[in-house]
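One structure is given here, and the rest of the page talks about it.
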Amino acid sequence: MEPISDLSWLRQLSLSSVERFELHGFGVAVVSMPPTPARHEERFRYRLLAFDPGLGKPVLSIDLESDILGEFCLAVQVGREHRVLARYDSPPGLAEFRSLAVAEAEAILPSSPPVPPVRGQARKRRRT
């Protein structure tokens, strides 16, 4: 799996982390960014980030995010792919988001992370 293309997770993870656990061998962090006067225009309210241990970067992000009109949606990012799973008139709370996000992550993540190549091991060359 390739890392997600959105790099805002670096800042969000350093500012707020609610919970960390492991799922299918991937490290998972649930992040909450409640609106405050300083962060009232934050795109993401909650995020579940699944980290590939071989990469040290998230390969899956399930987000409660707001669009430019201020409406909330549950969205998933896998690599460069981004898709909306559900839209909300009023955003769900953290407990409901966590339940939805964990269920979605269990369905998307493989049963174990890919095994990283051994350092120094020669790679096979493709014949052209």
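Any read-out appearing in this document is the output of simple, stated calculations on the displayed coordinates, not a laboratory observation. What you are looking at is a predicted structure, and each value in this text was computed from that prediction instead of being measured. Glycine gets a Cβ as well: all are built from the backbone with ideal geometry, and neighbour counts include every protein chain shown.
With respect to the chain, whose longest principal axis is taken over its alpha-carbon atoms, helix 94-108 is tilted by about 30°.
Among Pro58, Leu69, Ala86, flag the residue with its Cα farthest along the positive direction of the charge dipole of the chain, charges on Cβ as +1 for Lys/Arg and -1 for Asp/Glu. Result: Pro58. With a Förster radius of 25 Å applied to the beta-carbon distance between Ala86 and Glu22, the computed FRET efficiency rounds to 0.45.
Only the Cβ atoms of Lys and Arg (+1) and of Asp and Glu (-1) were treated as charged; on that basis the dipole of the chain about its Cα centre amounts to roughly 1040 debye.
Of the GluC sites (Glu not before Pro) found in segment 1-74, those in coil by DSSP whose Cβ has at most 10 other Cβ atoms within 10 Å are Glu41. Classification of the chain by its C-alpha gyration tensor yields a prolate form. The axis ratio a/c (a ≥ b ≥ c) is 1.5 or more, and a/b outweighs b/c.
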